[in-house]
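The next block holds one structure in the form of structure tokens; read it before the comments.
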Amino acid sequence: MKHLLILGGGTAGTMVANRVLHRLRVERDFWRVTVVDRDDRHLYQPGLLTVPFGAATPEQLVRSRRRYLEPGVELVLGEVEGVDTARGRVHLEDGRVLPYDYLVVASGTSPRPDQTPGMAGDQWRRRVHEFYTPDGAVALHRRLERWLGGRIVVHVTEMPIKCPVAPLEFTFLLDDALRRRGLRAGTELTYVTPLDGAFTRPVARDRLGGMLEARGVQVRTDFLVDRVDDRRLVSVDDREVPFDLLVTVPVNLGADFVARSGLGDELQDVPVDPGTLMSRAHPGVFAVGDATDVPTSKAGSVAHFEADVFADNLVSYDRGRPMTRLYDGHANCFVESGRGRALLLDFGYDAEPLPGRYPLPVIGPLSLLAETRANHWAKAATQRLYWNVLLHGRPVPIPSRAPRREPAATGAAV
Amino acid sequence: MPVVQIRERAVHVDDEGFLSRPEEWDEDLARALAEQIGITLTERHWEVLRFLRADYADRGQTPTTRRVDVVGGVPVKEQFALFPRKPGRKMAYVAGLPKPHGCV
Ligand SMILES: Cc1cc2nc3c(=O)[nH]c(=O)nc-3n(C[C@H](O)[C@H](O)[C@H](O)COP(=O)(O)OP(=O)(O)OC[C@H]3O[C@@H](n4cnc5c(N)ncnc54)[C@H](O)[C@@H]3O)c2cc1C
């Protein structure tokens, strides 16, 4: 019996395990499918965005991983120590060894404040905060509750980060929350990014940049932080941004075992073919979700679209046939913009996010790149959709291909 | 895909001016591109450009500043000195590669 081993039981690992199981059932082929994760706590990460504003607690965002894995998928709890690709084995920290025929790395990416000098120092969780972890989001909530005014800096350390729109959403929601509490006039809000604008893709960048401006948020671009120095961000080229409260998104790195096993690049992401998601260096080893180096957003929607094609490809590969269902980089992201509205971005490797309509059965078409209430409600509904539909890997009636659109024409070079 | 004349040569560029056909690049063109953004190429610039070209040929993606540091051996701080303000974009521009994609 073939053994498929999946490292990581988060969004991507869960979807892929369930998808593969369905697919093999159709083929009347029965494999062992095993998922390894360090604990049985599946966190709905997009919900972390609302924790600093008191709209949710981390406990409301966590459910048992086991519950969302189809019967027939085995869950092993343990910390992955390393992969021995030569022998086809995975070593856990407690000494257990798991052999595999095919391996899927689905261990995600996580914030690493230790990578920036001064960031995780004595001001960590005092003046320097983040919201990408449950503890961080709770600590930030406490800090914001006591906020009376001063300088808040929202900061992206280095790209790529998972959910690249999250720091923008945080800024919009923060602006909204401060206004409602009458604290906005006494708060100077600054958005600091290593990019040359609010977002990477030109049309979305201009649209989102305009939204920051409209809210009186100052934007500092092309800022690559060198260190956090007491109450200042200092860039590599010696520019400074002072703050009273820093809300940063630290460098995101893939799991350490990826680097230890020689599977990773300089961000500990697994280099894969962008179409098939198979490791360039190790045939039979795949990566999905945030753990890959594919040039699209690191987002739950990406994991979903990848899982769509992955199961078919794995079966083809196993049968010695070419893998023909190529992933096209499709991603879509809702952007909460405050005041009960949200935007929707939809794009792929070669498709720019542009204004238009996005077809969604039942809920109806959504507006792309425009702030609407319908988008906000659709985003609010995604948590239920996530637990009840998406994780099961059942087909969902939304387009899985990236949109075909003409590339955007904008000016300005370097 | 727009075509522009650089030193009497027609090259294909994207809407932001980055070469869209890396094979149209050569060292003369690099000097012209560098000049357009106010950079005079030194030997150290060439080392960076050669790394970018080789890495792109190998992986099909424009390397990020982190990759030029960790894999190419040129510290980020030095990249800022060589290609001021926007090293990631400027390095790609002069090396005739697509705008860095790693920052989606
Ligand atoms: C604040 C925030 C907001 C977001 N908002 C959105 C959004 O609106 N829309 C959207 O699409 N996406 C959003 N995302 C991104 C989304 O959550 C991720 O892209 C998605 O979870 C990726 O899935 P994954 O399976 O690759 O990684 P994860 O879901 O992070 O799973 C990785 C798993 O691997 C396990 N693991 C790692 N290392 C080891 C080890 N050594 N041993 C054992 N287990 C290990 C971890 O425990 C984890 O369960 C958001 C993320 C954040 C942080």
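Note on the range A:238-261: residues that are more than 22 Å from B:Lys77 (Cα to Cα), within 14 Å of chain B (Cβ to nearest Cβ) and open to solvent by 10 Å² or more (accessible area, probe 1.4 Å) total 1. If you go through the range A:7-30 and keep only what is small (Gly, Ala, Ser) and more than 9 Å from the ligand (Cβ to nearest atom), you end up with just A:Ala17. Look at (1) open to solvent by less than 10 Å² (accessible area, probe 1.4 Å); (2) away from chain B (no Cβ under 14 Å) and you find that A:Val156 fails only one, number (2).
Of all residues in the range B:1-39, those satisfying the criterion of being under 21 Å from B:Arg59 (Cα atoms) and within 12 Å of chain A (Cβ to nearest Cβ) are B:Val13, B:Asp14, B:Phe18, B:Leu19, B:Ser20.
Restricting B:Ala81, B:Ala54, B:Ala92 to those that are farther than 16 Å from B:Asp26 by Cα, more than 7 Å from every other protein chain (Cβ to nearest Cβ) and either open to solvent by 40 Å² or more (accessible area, probe 1.4 Å) or not β-branched (Val, Ile, Thr) (or both) reduces the list to B:Ala81.
Residues in the range A:306-317 that are surrounded by fewer than 24 Cβ atoms within 10 Å (Cβ to Cβ) and away from the ligand (no atom under 16 Å from the Cβ): 5 in all.
Please tell me if A:Val203 is part of a strand (DSSP E or B), away from the ligand (no atom under 16 Å from the Cβ) and within 14 Å of chain B (Cβ to nearest Cβ). It is false that A:Val203 is part of a strand (DSSP E or B), away from the ligand (no atom under 16 Å from the Cβ) and within 14 Å of chain B (Cβ to nearest Cβ). Going by the conditions given, is B:Pro87 out of contact with any Pro (no Cβ under 6 Å at 6 or more places or on another chain), of a type outside the set (Lys, Arg) and open to solvent by less than 20 Å² (accessible area, probe 1.4 Å)? It is true that B:Pro87 is out of contact with any Pro (no Cβ under 6 Å at 6 or more places or on another chain), of a type outside the set (Lys, Arg) and open to solvent by less than 20 Å² (accessible area, probe 1.4 Å). The residue that is farthest from B:Pro100 (Cα to Cα), among those in the range B:12-27 that are free of Cβ contacts under 8 Å to residues at least 24 places away in the same chain and open to solvent by less than 40 Å² (accessible area, probe 1.4 Å), is B:His12.
State whether the residues of the range A:47-54 include one that is within 12 Å of the ligand (Cβ to nearest atom) and touching a Gly at 6+ places or on another chain (Cβ under 7 Å). No, the range A:47-54 contains no residue that is within 12 Å of the ligand (Cβ to nearest atom) and touching a Gly at 6+ places or on another chain (Cβ under 7 Å).
Would you call A:Pro167 modelled with pLDDT of 95 or more, within 10 Å of the ligand (Cβ to nearest atom), out of contact with any His (no Cβ under 9 Å at 6 or more places or on another chain) and on the phi < 0 side of the Ramachandran plot?
no
Going through (1) within 13 Å of A:Val105 (Cα to Cα); (2) within 12 Å of the ligand (Cβ to nearest atom); (3) in contact with a strand residue (DSSP E or B) (Cβ under 8 Å, 6 or more places away or on another chain) one by one, A:Leu4 falls short only on (2).
A single member of A:Ser297, A:Ser235 is closer than 20 Å to B:Gly88 by Cα, in contact (Cβ under 8 Å) with a residue 24 or more places away in the chain and within 14 Å of chain B (Cβ to nearest Cβ), and it is A:Ser297. Scanning the range A:306-343 for residues that are outside any strand (DSSP E or B) and among the hydrophobic types (A, V, I, L, M, F, W, C) yields a total of 8. What are the residues in the range A:88-126 that are assigned to a helix (DSSP H, G or I) and open to solvent by 60 Å² or more (accessible area, probe 1.4 Å), if any? Passing the criteria: A:Asp114, A:Gln115. The strands (runs of 3 or more DSSP E) located wholly in the range A:243-305 that include 3 or more residues which are of a type in the set (A, V, I, L, M) and either modelled with pLDDT of 95 or more or within 8 Å of the ligand (Cβ to nearest atom) (or both) occupy A:245-249. Among residues that are open to solvent by 40 Å² or more (accessible area, probe 1.4 Å) and under 18 Å from the mean Cα position of the chain (by Cα), A:Leu385 is included. Against the definition (within 13 Å of the ligand (Cβ to nearest atom) and more than 14 Å from every other protein chain (Cβ to nearest Cβ)), how does A:Gly121 come out, yes or no? For A:Gly121, the condition - within 13 Å of the ligand (Cβ to nearest atom) and more than 14 Å from every other protein chain (Cβ to nearest Cβ) - is not met. Out of the residues in the range B:23-52 that are acidic (Asp, Glu) and in a helix (DSSP H, G or I), state the one that is farthest from the chain's Cα centre (by Cα). Out of the qualifying residues, it is B:Glu43.
All told, A:Phe172 falls short of being in a loop (DSSP other than H, G, I, E, B), within 16 Å of the ligand (Cβ to nearest atom) and open to solvent by less than 10 Å² (accessible area, probe 1.4 Å).
Collect the residues in the range A:318-360 that are hydroxyl-bearing (Ser, Thr, Tyr) and either in contact (Cβ under 8 Å) with a residue 40 or more places away in the chain or surrounded by fewer than 17 Cβ atoms within 10 Å (Cβ to Cβ) (or both), keeping them in residue-number order. Scanning the range A:318-360 gives A:Thr324, A:Tyr327, A:Ser337, A:Tyr349. Per this entry, A:Gly78 is not counted among residues that are surrounded by fewer than 19 Cβ atoms within 10 Å (Cβ to Cβ) and away from the ligand (no atom under 11 Å from the Cβ). Screening the range A:127-147 for residues that are part of a loop (DSSP other than H, G, I, E, B) and either out of contact with any strand residue (DSSP E or B) (no Cβ under 9 Å at 6 or more places or on another chain) or within 12 Å of the ligand (Cβ to nearest atom) (or both) and picking the one that is farthest from the other protein chains (Cβ to nearest Cβ) gives A:Arg146.
Examine the range A:389-396 for a residue that is touching a Phe, Trp or Tyr at 6+ places or on another chain (Cβ under 8 Å) and modelled with pLDDT of 75 or more, and state whether such a residue exists. Yes - at least one qualifying residue is present in the range A:389-396.
The values are calculated or read from the model by the stated rules, or taken from the named source; none is laboratory data. Keep in mind the model is a prediction, meaning the values are calculated, not measured. Note that each Cβ is placed from the backbone with ideal geometry, even for glycine, and that neighbours are counted across all protein chains shown. For the accessible areas, the whole protein counts, side chains as well, though only heavy atoms, and no ligand, DNA or RNA atoms are used. Shrake-Rupley method; radii C 1.70, N 1.55, O 1.52, S 1.80 Å.
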